[in-house]
Amino acid sequence: RINGWLLEEFYGSVFLGIGMTPVTGDLFEQGKMSTAWKQVAEALEKDRLTRFKSHLSPAFFEPDTGFNPVTSCNVCGSRILKLDTDKCNACERLEKIGSEIKTMDAVLLVWGDVAESKRIEEASFLRIPPLEVSVFLISEKMLADIAHIRNLDAECLVLANTLKNRPITSIRSPACALSLMALGKWNSDRNIGPGGDEWDFEAYAKNAVGIQRYGILRMDVDNLGSVFIDGLRWPERSQNGWGNIVLENGKPKLKTMASISRMATLSRQLHWFFAGYVPTLLDQDRFDRCQIVYAGGDDLFVIGSWDQLPSLAETIREDFRRFCCYNPDMSISGGITLHGGKFPIYKGAQMAGEAEHQAKTVRNHWRFDEQNGIRKDGFCFLETPIVWEDWDAARTIHLLLEEEVKGDRGWLGYLMQMTAANQMWVERTIKTKSKSWVQVWEELAYQSWRWRTAYQLRRRFGKDEAKIQAWANVLFNDRYDNHNPGKKTALPVYSWLSLPLRWTDYLHRTKGGK
């Protein structure tokens, strides 16, 4: 029934997949719930691959009379729209939802027929016939205005940030079930312009430091599907409870812990991190030009002045690791893209999603950490993907460059030209010599850029041996920590050097730049 409604409303672009498998008491007792999780994941994937199979009747293939052969929707390009409109029904509904989400304080679910919903207002905000439910995105004031209604089959989900340390019983509402819901969303009280209006995307770009661009940050948890199937791994004990850790080849033997209660707790805690904790980060002054579009479940979507987003991404990643007690099975990847103030947000969201995908595949691209199989844990910024372990090194190079550009941009200019030439050499060599990505980058290590850069170091810094040594360690030996000379980057610095170079360059563009 639900998929029939989704098919009618969204013409096949939205589908609810369902996977089911039987569970017995033996699976609990024998600690084999991971088997059931795997079976249900396979059933879900099978359902997704055969979407709408129960709706493929002859009527499904009949021509749609709502098809407009002349005009497309101005937003999504769909031809499923009325002749006298410029937006399809789905886009109009989403536009309305977007405007309501910004100011809502609660979600009111009214169960039953349409007459029940009309007791609140003349027309339902969103009616889902298969579930016989009407959904209202409602303000606290409107909740109080309808508090006199009784005998209403309803449930009210109050947003956590609405309460602001008040008890949930302080909310006046119709007589119905009240519960708390965390949701990271747009804050209409942030970034108000001189005229009292909220900033638009162009304002976020104009208020950026350096180049005038707004940025989009997307992040989500890596391999969460595998974690739900196998559970988190914990050291096996010699007896029930907290016995001695069992060793295997000198290392703790790990076993999966995939019970229903553990997975439900994991899902709930992840949601509270993204929907409850992440929004509080934006209250800090260093992130005052950022806005959450969505945060919840296992991912987030943030826009803001581009210069604040790298630090926000790093903070979220470090806090997430701490939140997960540095469990190696839990990691998060992210991507940032930059756009002009008038660039369409939906297209920017797609590009940020592609950057996030590059971050998740960077290890596989380098055949890095092969012993871990599916580890991702990457970050992509300024079209350059790196592993998170190398972010400290990238920031260190950025800070070194900040010291240099105070005088002139000569050293930065040389490094940018050298890096661009290296990239062109890599691309040309891959095409002409049929070598792999890794082989070509390894071959680049001792090409002409190396001795030319050594010459430029001596020419620029003269007898300042400390600076020459610091830069030589970074560029030639992949060492960036003078207090720990043995500490090296995971990937060669020259393979991602364009990231800190462009980062510094963009921060020092005047009048917005291009």
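Among the numbered conditions (1) without any contact (Cβ under 8 Å) to a residue 12 or more places away in the chain; (2) within 30 Å of GLY335 (Cβ to Cβ); (3) not hydroxyl-bearing (Ser, Thr, Tyr), the only one that ASN165 does not meet is (2). Exactly one residue out of TRP425, TRP366 is among the aromatic types (Phe, Trp, Tyr), farther than 23 Å from LEU309 by Cβ and in the same structural domain as LEU312 (by TED's automatic domain parsing), and it is TRP366. Within the range 136-161, if we keep just the residues that are in a helix (DSSP H, G or I) and over 27 Å from the mean Cα position of the chain (by Cα), the residue that is surrounded by the fewest Cβ atoms within 10 Å (Cβ to Cβ) turns out to be LYS141. Inside the range 210-242, residues that are closer than 20 Å to ARG375 by Cβ and either at pLDDT 85 or above or among the charged types (D, E, K, R) (or both) make up a count of 9. Could you go through the range 313-328 and let me know if any residue there is aliphatic (A, V, I, L, M) and outside any helix (DSSP H, G or I). No, because not a single residue in the range 313-328 is aliphatic (A, V, I, L, M) and outside any helix (DSSP H, G or I).
Screening the range 1-15 for residues that are surrounded by 13 or more Cβ atoms within 10 Å (Cβ to Cβ) and either touching a Ser or Thr at 6+ places or on another chain (Cβ under 6 Å) or touching a residue at least 60 places away in the same chain (Cβ under 8 Å) (or both) and picking the one that is nearest to LEU56 (Cα to Cα) gives GLY4. Each residue in the range 177-198 was checked for being assigned to a loop (DSSP other than H, G, I, E, B) and in contact (Cβ under 8 Å) with a residue 40 or more places away in the chain, and 8 of them qualify. Screening TRP234 on (1) free of Cβ contacts under 8 Å to residues at least 24 places away in the same chain; (2) under 30 Å from LEU507 (Cα atoms) shows it passes everything except condition (2).
The values are calculated or read from the model by the stated rules, or taken from the named source; none is laboratory data. On a predicted model such as this, the values are computed, not experimentally measured, just so you know. FYI the Cβ positions are ideal-geometry reconstructions off the backbone, even for glycines, and counts take in every protein chain you see.
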